[in-house]
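See structure below.
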Amino acid sequence: MQDQRCCVVVLISGDGKNLQALIDASSHSGYMISHVISNNPEAFGLERAKRCGISSTILNHKDFGTREGFDNALLQAINRKKPDLVVLAGFMRILGPEIVNNFTGRMLNIHPSLLPKHPGTNTHQRALDAGDHEHGASVHFVTEKLDGGPLIAQERIPINANEAAQELGARVLIREQQLYPKVVSWFASGRLCLQQNQAMMDGVMIPRGGLQFRS
Ligand code: GRF
């Protein structure tokens, strides 16, 4: 019999802790990870996929002369798997409009900050430098705007006095691993969707800042 679960392709670039959390939760969360794609041949996440019997593809962006060339190859690699959902989990490449618009409402990203604060990289140090009292992680639908798509949910943690960026980042990453499988399972069960550029949960608009979770 055909597997009826939501079929997910995960894109990674690095260690893959979020990937691991998604794999671990998949047995009881209504989705299956059918394939992993990494732009980095050295990504430890590839090893994690292998250990769990999940197939993978390496698409090294350095092998492509242009961003469009890489995006085209990536689009083909994703489409070969016919996923219901594409999940960016520590994927460190900016995707062009061609590919993003192909997956409107079917592509999620996790970002290590309380968006719209601190889009881009080096978020933990920037939160400290800004004197923020709170930091965290955000999951959002991917749109053409970098780290700017409709927010779905955020995990918020207080910043401790004299905390170093590395320490703070490690605490955020733990929260990411709790948040991401939860959001993916909402999508898989049909509770979460994007309608007219608005994130919806159980038929109700999600507030602009996303659903809030605190430790
Ligand atoms: C995570 O903090 C993710 O939000 C960010 O990069 C980190 C990747 O961690 N974009 P991992 O590869 O899931 O371990």
Counting only DSSP beta bridges with both partners in region 6-214, the antiparallel fraction in percent, to the nearest 5, comes to 45
Within straight cross-link reach of residue 81, meaning Cα distance under 30 Å, which lysines are found once same-chain residues fewer than 8 apart are removed?
17, 50, 62, 145, 182
How far, in degrees from 0 to 90, does helix 17-26 lean away from the longest principal axis of the Cα atoms of the chain, to the nearest 10?
70
Checking the a/c ratio against 1.5 first, then a/b against b/c, what shape does the Cα gyration tensor give for region 46-205?
prolate
Give the long-range amide H neighbours of residue 136: residues separated by 5 or more places, or on another chain, with amide H under 5 Å away, using H modelled in the peptide plane at 1.01 Å from N.
114, 157
What is the Cα centroid distance between region 147-215 and region 68-115, reported in whole angstrom?
18
Using the alpha-carbon atoms, what tilt in degrees (0 to 90, nearest 10) does helix 165-188 show relative to the longest principal axis of the chain?
50
Residues meeting the amide H criterion for residue 16 (H placed from the backbone, H to H distance under 5 Å, 5 or more places apart or on another chain) are 45
Name the residue, out of 21, 161, 153, whose mean-square fluctuation peaks in a Gaussian network model built on the chain with Cα pairs under 10 Å.
161
Among 202, 15, 84, the residue with the largest mean-square fluctuation in a Gaussian network model of the chain built from Cα contacts under 10 Å is 202
For residue 205 and residue 174, what does the FRET efficiency come to when R0 = 35 Å and r is the distance between their Cβ atoms, rounded to the nearest 0.05?
0.75
When the accessible area of region 1-72 is split by element with a 1.4 Å probe, what percent falls to carbon and sulfur?
48
To the nearest Å², the heavy-atom accessible area per residue of region 6-214 with 1.4 Å probe amounts to 47
Please compute the length gained on full extension between residue 93 and residue 145, using 0.36 nm multiplied by the number of residues separating them and subtracting their Cα-Cα distance.
17.4 nm
If you take the square roots of the eigenvalues of the alpha-carbon gyration tensor of region 1-58 and sort them as a ≥ b ≥ c, do you get rounded (a/c under 1.5), prolate (a/b over b/c) or oblate?
prolate
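The values are calculated or read from the model by the stated rules, or taken from the named source; none is laboratory data. All of these numbers come straight from a predicted model, not from anything done at the bench. Don't worry about glycine lacking a Cβ; one is built from the backbone with ideal geometry, like all the others, and counts go over all protein chains shown. These accessible areas exclude ligands, DNA and RNA; they are computed on the full protein's heavy atoms, side chains included. Shrake-Rupley method; radii C 1.70, N 1.55, O 1.52, S 1.80 Å.
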